[in-house]
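Encoded as structure tokens, the structure appears first; notes follow it.
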Amino acid sequence: MSRATADREVRALQAALAAEHATVYGYGVVGGRIGGQRRGQARSAYDAHRARRDALVRQVRDLGGSPVAAAAGYALPFPVPDSAAAVRFAAELEDRVAGVYSDLVRASAGQRRRDAAGALREAAVRAARWRGGSVAFPGLAERAGTDGSPSATPRA
């Protein structure tokens, strides 16, 4: 693997890690607002994203990088005062993290690419479950016109 390819892969891993940090934070908000009948779904998603985050930390370290840290807090894209807003927010979280994983699929190869594709698929399925329907090529339409930055805006 060339140095440029390795650097591109580490940057994509770091972006995925930053997105997972934001998503874990976001699911903390979702869990505090979600109705009882969907609380298990939120907990399952939270656990899955924590596991992905931890795996990404290991991958960045294995490539000699210093894993990006989570921000102290993140700005939410809209107010989440109730269960209905929490469901919309959960779908948004999954859409955003899917977009970042699509970048990692593009930047990686081999097992890392398969893992990223699996994470993209899982996020798309969770988004569809939250939304009650699906979109074509989840994660790609959301990325159109963005700068590739992490899914949530860190707050100082």
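The values are calculated or read from the model by the stated rules, or taken from the named source; none is laboratory data. What you see is a predicted model; the values in this text were computed from it and never measured. Virtual Cβ from ideal backbone geometry, glycine too; neighbours counted across all protein chains shown. Heads up: the accessible areas ignore ligands, DNA and RNA and are worked out on the full protein's heavy atoms, side chains in. Shrake-Rupley method; radii C 1.70, N 1.55, O 1.52, S 1.80 Å.
In the stretch 37-64, which residue that is among the hydrophobic types (A, V, I, L, M, F, W, C) and closer than 24 Å to Arg8 by Cβ is modelled with the lowest pLDDT? Top of the filtered list is Leu63.
For (1) of a type in the set (Lys, Arg); (2) closer than 24 Å to Ala6 by Cα, each residue gets a yes or a no:
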{"position": "Gly64", "(1), (2)": "no, yes"}
{"position": "Leu76", "(1), (2)": "no, no"}
{"position": "Pro79", "(1), (2)": "no, no"}
{"position": "Phe89", "(1), (2)": "no, no"}
{"position": "Glu92", "(1), (2)": "no, no"}
{"position": "Asp103", "(1), (2)": "no, yes"}
{"position": "Ala107", "(1), (2)": "no, yes"}
{"position": "Arg112", "(1), (2)": "yes, yes"}
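Taking the criterion of being under 15 Å from Ala16 (Cβ atoms), at pLDDT 95 or above and among the hydrophobic types (A, V, I, L, M, F, W, C), would at least one residue in the stretch 129-141 satisfy it? No: zero hits. Condition check for Glu9 on (1) modelled with pLDDT of 95 or more; (2) under 23 Å from Val105 (Cβ atoms): one failure, at (1). The residue pairs whose first member lies in the stretch 96-116 and is more than 9 Å from Ala19 (Cβ to Cβ) and in contact (Cβ under 8 Å) with a residue 40 or more places away in the chain, whose second member is among the acidic types (Asp, Glu) and open to solvent by 10 Å² or more (accessible area, probe 1.4 Å), and whose beta carbons are closer than 8 Å, counting only pairs six or more residues apart or on different chains, are Ala98/Glu142. Within the stretch 17-36, the set of residues being touching a Pro at 6+ places or on another chain (Cβ under 9 Å) and of a type in the set (A, V, I, L, M, F, W, C) comprises Leu17, Ala18, Ala19, Ala22.
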